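The values are calculated or read from the model by the stated rules, or taken from the named source; none is laboratory data. Keep in mind that this is a model prediction, so the values were computed, not measured. Note that we place each Cβ from the backbone using ideal geometry, even for glycine, and neighbour counts take in every protein chain shown. Heavy atoms of the whole protein, side chains included, go into the accessibility calculation; ligands, DNA and RNA do not. Shrake-Rupley method; radii C 1.70, N 1.55, O 1.52, S 1.80 Å.
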Amino acid sequence: MTVKKRKSLVINGPNLNMLGKREPEIYGPLTLKDIETLTNDLCEHLSMDITWFQSNHEGAIIDRIHKMKKEKWDYLVINPGAFSHTSVAILDALKILSIPIAEVHLSNTYSRESFRHTLLTAQAATIIMKGLGIYGYAFALNALVMK
Ligand code: DQA
């Protein structure tokens, strides 16, 4: 019997391409590429195809979400970065999807500045993972499968 591989897209928003160089006291020393490799390794048991996408541009993230509608995906994991606090447009795009969504934040945004306490995009999420650092993506993918 062949088991169908589940397909997940992981979207990372602005400045997450600068992990490793960016505020390492908050986000740690690993690059996004390191986190992708770590997550792929930690999720091997899930029998899942994991595709990674990063953009610093709100419109490019919205376009990628729209494109998902024409493709076959089982899950979306998204760390919208700062757009999480501001983007009604990304929230509206996420609401078009009918698959489970996990929103990830490496840091615990509630223990940071008050402007990080509002998470607009998380209104479209099934699961929210925050403060789990570099392991957040792997926890999110496992949680989506277990949901
Ligand atoms: C972040 C938290 C956001 O407030 C910030 O703007 C980021 C990263 C996180 O992963 O902790 O870019 O989404």
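Compute the label zone of Thr86 within segment 107-136: residues whose backbone N is under 19 Å from the point 7 Å along Cα-to-Cβ. Counting only backbone N, you get 107, 109-110, 112-123. Per residue of the chain, the DSSP helices (runs of n ≥ 4 H) give a summed -39500 (n - 2.57) that works out to -9500 deg cm²/dmol at 222 nm. What the phi angles of segment 15-20 give under the Karplus curve with 6.51, -1.76 and 1.60, with θ = phi - 60°, is a coupling list of 6, 6, 5, 9, 4, x Hz, glycine and proline written as x. For the chain, the relative contact order works out to 27 percent when only alpha carbon pairs closer than 8 Å and six or more residues apart are counted.
Seen through its C-alpha gyration tensor, with square-root eigenvalues sorted a ≥ b ≥ c, segment 91-137 comes out oblate because a/c lies at 1.5 or above while a/b is not bigger than b/c. The heavy atoms of Asp41 present about 100 square angstrom of accessible area, all protein chains included, probe 1.4 Å. For the chain, the alpha carbon convex hull comes to 102 Å³ per residue, rounded to a whole number. In a Gaussian network model over the chain where Cα atoms closer than 10 Å are linked, find which of Ile99, Ile65, Ile90 has the largest mean-square fluctuation. Maximum among the listed residues: Ile99.
The Rg/Rh ratio of segment 27-99, with both radii computed over alpha carbons and Rh defined as the Kirkwood radius, is 0.98.
Figure note: His105, His45, His117 ranked by solvent-accessible area, largest first, 1.4 Å probe, ligands and nucleic acids not counted: His45, His117, His105.
Of all aspartates and glutamates in the structure, the ones whose alpha carbon falls short of 18 Å from that of Lys70, not counting any fewer than 8 places away in one chain, are Asp49, Asp92.
Here Val145 sits with roughly 40 square angstrom of accessible surface, probe radius 1.4 Å.
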